[in-house]
1. Kindly count the pairs of lysines across the range 60-176 whose alpha carbons are less than 25 Å apart, treating pairs on different chains or eight or more residues apart as eligible.
2. Please find, in a Gaussian network model of the chain (springs between Cα atoms separated by less than 10 Å), the residue of Thr25, Thr53, Thr143 whose mean-square fluctuation is greatest.
3. Round to the nearest 10 and give me the degree value, 0 to 90, for the angle of helix 2-17's Cα axis relative to the longest principal axis of the chain.
4. How big is the dipole moment of the range 100-176 about its Cα centre under a simple scheme where the beta carbon of each Lys and Arg is +1, that of each Asp and Glu is -1, and everything else is neutral? Debye, nearest 20, please.
5. Based on Cβ point charges of +1 for Lys and Arg and -1 for Asp and Glu, what charge dipole magnitude is obtained for the chain about its Cα centre, in debye rounded to the nearest 20?
Amino acid sequence: MKQISFLLFSFLITFTANSVQARQTVSVDYMHGFDDIDGMRFAYRPLEQTLATDWFGDVKLYWEVSAVVWEYGKSDTHSTSYAASITPVFMKQITTLNDKYPIYLEAGIGASYIGDQKVAGKDIGSNYQFEDRIGIFVELDKTQHIALRYMHFSNGGFNNDNPGLDFLNLSYAYHF
């Protein structure tokens, strides 16, 4: 536990030591789960930061807070689950499309709380989960982007029941 606290403290120092842009973002995702779970995800990013690294050059970092609602099953017997997450996400521009649209790769691992321990008939082992993501997004202009991402929720093996939940998301974001 001390190692995790030290790592988080070190990350916080690095995070606050660099310049922070007051570029806020709201987004909405349509989520389709591999177990026929469908959902909507609403997220807010209060700020974005650029980090200079030796290996990767400039990398952007943002923190995202999100709320999710999932539905599963037929209309007369469906179930609904809710989740809330906080996730640090790193993104790196990998190319530009038509010399106009920057394309970014993003990846992050955060913490999530899922309201039900059973989702889509699966015992996920715990309400506390990790939210992992990898995605690609295209910046349409300085105020909006679209993204395609894969997300995985798992308790990381802290519990014997750990089937995980996998989603493919289509996202629209607005920056202000």
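The numbers here are math on the coordinates, done by the rules we state, and not lab data. If you're wondering where the values come from, they're calculated on a predicted model, not measured in any experiment. All Cβ positions, even for glycine, are placed from backbone atoms using ideal geometry, and neighbour counts span all protein chains on display.
1. On the way: Lys60/Lys92; Lys60/Lys100; Lys60/Lys142; Lys74/Lys118; Lys74/Lys122; Lys92/Lys100; Lys92/Lys142; Lys100/Lys142.
Lysine pairs, 8 or more places apart or on different chains, close enough: 8.
2. Per the Cα network of the chain with a 10 Å cutoff, Thr53 tops the list.
3. 40
4. On the way: 6 positive and 9 negative charges, 40 e Å.
About 200 debye.
5. It comes to approximately 440 debye.
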